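**Student:** Can you read through this structure? Questions will come right after.
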Amino acid sequence: MTSRAQVKNQQPLGYPGTWYASTLTDHRVRPKYRGPSKTEIVVIGAGLAGLTTALECLRVGKSVTVLEAKRIGWGASGRNGGFVVAGFAEEVTHLVKSVGLEKAQALYGYSRMGVEYVREQISLLDPTLMTGQGVIGVSRHLASADFDQERDFLRTYCDHEVEKWNPQKTRSVLNSQCYFDALSDPEGFHIHPLNYVRALGREVERLGGQIFENSRVDRLVLSTEIKKCWIGNEVISSNTVVLCTSAYDRQLVRAVAGAVLPVATHVAVTEPLTRKTNPILTGSAIADTRRAGDYYRMVDEGRLLWGGKITTRKRPPRRLAAEMKRSYCATYPSLQEVNVDYCWSGLMGYAVHKMPIIGELEPGLWVATAFGGHGLNTTAMAGCLVASAITDRDERWRDFSHFSAQWVGGPLGRVGVQASYWLMQLKDKMDERRSRMRLGNA
Ligand SMILES: Cc1cc2nc3c(=O)[nH]c(=O)nc-3n(C[C@H](O)[C@H](O)[C@H](O)COP(=O)(O)OP(=O)(O)OC[C@H]3O[C@@H](n4cnc5c(N)ncnc54)[C@H](O)[C@@H]3O)c2cc1C
């Protein structure tokens, strides 16, 4: 199986060659850092965590400078699947085991607050950023009882209504023999993430914040009163620093870098599908429930955006386009003739507990990181919590203190995660095979 050789991978204006970068609505490049030498708050990293924190500090009148090593949204925030949906990288039922029901309910509530925050910003800043409503979680094996349990848990304990679909209904919307039951969440939605990041950036500047691109912070010098961020030979001082560098920084604060495991995942965008070949008969986003499953949705011009696979290798596979094509054809054989136009990889930051690390590491040094593959809503709520802690001594961030920065095991940790991913894949394949055998189509 081959993919079209000329995958569009130019790097438009310093962004990776994603479909998102090729559909940017604003191309402005921000300057490199050139002062002021002092400010109240410095935010390091202009992804969704950094820009939301900056925006919420500005909204209550603080002065904020954002320093970004590359371009705003250059990291995971500008190249993800675009799904905005409640929850965390860790499942809520696992949270009940680790922190108890009441705290798990509160945490789930924060994750929904993040969803609503993104919805509000979009309606305020640019409603065209919303690309579709609804997120469908679909199973590749018979999962009726599990989905009943999950739906009932969300209804009873989280006041969140999701709808369960049987295999017949699922396959009437997603024309694939691979799928069985589904849970449809009407509250979730999907967006153009890079244009959203850029809309946040423009709002930060409208409120008087400064954003510098191509301004990597190489060194942090911390004292109780004053924090100094060094960008090459330039320095900026502030009372408060917020670290939002995710998996793209391995050195600024050792305890944080060592607690965030970089995990890569990949996305492909196909050439436009014709109505005849399109087996996806919904405008909602879809994610399968395997431990590291596929996630996809239709985007403009009738293209399929297909994400999936994880690896702890930081370099993308050499034949990424072909691998991604193999992946969507395995689910939808009718897409054999549909080629990949764009493909790319990005790094997610994971903590050992699969929950975000949010809090004050020492007086005036804050961190919001490790959102894993569930960052669109959780960066939003983290940005709000950190900003309100800094500006109003709001203590709600302490609800996350159970999930501290713990060492993830360095290179050995990476090997361990890769091995457990392979094991998960094997378990998923066995589940799928068992379901097909039960239905007599193995
Ligand atoms: C391919 C992919 C698909 C995904 N799909 C989804 C999805 O559909 N839904 C969902 O909820 N989540 C998804 N995620 C996860 C989500 O995108 C991330 O959790 C979230 O964007 C993390 O945001 P962030 O601001 O913490 O980090 P990032 O967006 O990675 O931003 C960190 C920024 O810090 C900058 N930086 C690093 N070091 C320095 C330094 N020393 N000085 C200055 N700047 C620095 C980097 O350049 C970068 O711009 C996906 C992730 C990937 C990679």
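The values are calculated or read from the model by the stated rules, or taken from the named source; none is laboratory data. What you see is a predicted model, and the numbers here were worked out from it, not measured in a lab. Positions of Cβ are generated from backbone atoms using ideal geometry, with glycine treated the same way; all protein chains shown enter the neighbour counts. The protein model used for the area step is the full one, side chains on, heavy atoms only, and it has no ligands, DNA or RNA in it. Shrake-Rupley method; radii C 1.70, N 1.55, O 1.52, S 1.80 Å.
**Student:** Residues that are farther than 25 Å from Asp146 by Cβ and among the hydrophobic types (A, V, I, L, M, F, W, C): does the range 307-317 have at least one?
**Tutor:** No, the range 307-317 has no match at all.
**Student:** Which ones in the range 244-271 are touching a Leu at 6+ places or on another chain (Cβ under 8 Å), part of a strand (DSSP E or B) and near the ligand (Cβ under 9 Å from one of its atoms)?
**Tutor:** Of everything in the range 244-271, those that are touching a Leu at 6+ places or on another chain (Cβ under 8 Å), part of a strand (DSSP E or B) and near the ligand (Cβ under 9 Å from one of its atoms) turn out to be Val263, Ala264, His266, Val267.
Table: residues versus (1) open to solvent by less than 10 Å² (accessible area, probe 1.4 Å); (2) of a type outside the set (Phe, Trp, Tyr); (3) farther than 26 Å from Gly73 by Cβ.
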| site | (1), (2), (3) |
| --- | --- |
| Thr265 | no, yes, no |
| Thr277 | no, yes, yes |
| Ile286 | yes, yes, no |
| Ala292 | no, yes, no |
| Arg303 | no, yes, no |
| Pro317 | no, yes, no |
| Met324 | yes, yes, no |
| Ser327 | no, yes, no |
| Thr331 | yes, yes, yes |
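**Student:** Moving on. I'd like the full set of residues that are within 26 Å of the chain's Cα centre (by Cα), open to solvent by 20 Å² or more (accessible area, probe 1.4 Å) and within 10 Å of the ligand (Cβ to nearest atom), limited to the range 201-236.
**Tutor:** The answer is Asn214, Arg216, Asp218.
**Student:** Anything in the range 141-162 that is open to solvent by 20 Å² or more (accessible area, probe 1.4 Å) and assigned to a loop (DSSP other than H, G, I, E, B)? List them, or say none.
**Tutor:** Residues satisfying the conditions are His141, Leu142, Asp159, Glu161.
**Student:** I've got another one for you. What helices (runs of 4 or more DSSP H) completely inside the range 16-126 contain at least 1 residues that are within 16 Å of the ligand (Cβ to nearest atom) and small (Gly, Ala, Ser)?
**Tutor:** Ranges flagged: 19-22, 48-58, 101-125.
**Student:** Right, another one. Pairs only if they're at least six apart or on different chains, beta carbon under 6 angstrom, first in the range 172-198 and modelled with pLDDT under 95, second open to solvent by less than 20 Å² (accessible area, probe 1.4 Å); list them, first residue then second.
**Tutor:** Short answer, once both residue conditions are applied: none.
**Student:** If Ala405 satisfies every condition in (1) within 16 Å of the ligand (Cβ to nearest atom); (2) crowded, with 18+ Cβ neighbours inside 10 Å; (3) at pLDDT 95 or above but one, which is the exception?
**Tutor:** Result: Ala405 fails condition (3) only.
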